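First the structure, in the form of structure tokens, and then the observations on it.
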Amino acid sequence: MASFEPGHLHIHREPLQPGDFGYDIKIDYQVVQDPKEGKSMQFDMHGQINKKDFKESFTLPKDMAFNFAHDAFQIAVKHGIPRTADIRAMHGYYDKMFSDVLAQLNHKPGDPIKPEHLE
């Protein structure tokens, strides 16, 4: 199960059998002004993974905000989602979030990326 509205993604999965994993994750995001990087996107993740509460935030500069799914997945793995988890079923919701993140940041195809962000 998943739902999306601008600024918010909610994904949920019940364990299907004993030993399986489950999660209820909410990602809220908003444009912020970072003193060093300028216009950026702050992501606040919270919810439960395998019935354990977690809360973690991260901020990405405008030119790297499109990579939010990588950072969010790393946080989810840190809190208990298996690294091999297949989350392709949520792809359509991530696409909506991706488009919204870029729109909120007024990021256009071809906008430059700072080389130091690629290191």
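Given +1 on the Cβ of Lys and Arg, -1 on the Cβ of Asp and Glu, and no further charges, what dipole in debye does the chain carry about its Cα centre, rounded to the nearest 20?
Approximately 100 debye in magnitude.
Against the longest principal axis of the chain, how steep is helix 91-104, in degrees 0 to 90 to the nearest 10, with axes from Cα atoms?
30 degrees
Which value in deg cm²/dmol, rounded to the nearest 500, describes the helix-derived mean residue ellipticity at 222 nm for the chain, given -39,500 (n - 2.57) per DSSP H run of n ≥ 4 and division by the residue count?
The helix contribution divided over the chain gives -6500 deg cm²/dmol.
Nearest 10 degrees, 0 to 90: what angle lies between the long axis of helix 68-78 and the longest principal axis of the chain (Cα atoms)?
Approximately 40 degrees, to the nearest ten.
Kirkwood Rh over alpha-carbon pairs of the chain, then Stokes-Einstein at 25 °C and 0.890 mPa s: what D in µm² s⁻¹, rounded to an integer? Mind dumping the intermediate values first?
Details: Rh = 15.1 Å.
The Stokes-Einstein estimate is 162 µm²/s.
Just name one of 103, 15, 35: the one whose Cα is farthest towards the positive end of the charge dipole of the chain (beta-carbon charges, Lys/Arg +1, Asp/Glu -1).
15
No lab work stands behind these numbers, since they all come straight from the coordinates. Everything numeric here is computed off the predicted structure, so don't read it as measured data. Note that we place each Cβ from the backbone using ideal geometry, even for glycine, and neighbour counts take in every protein chain shown.
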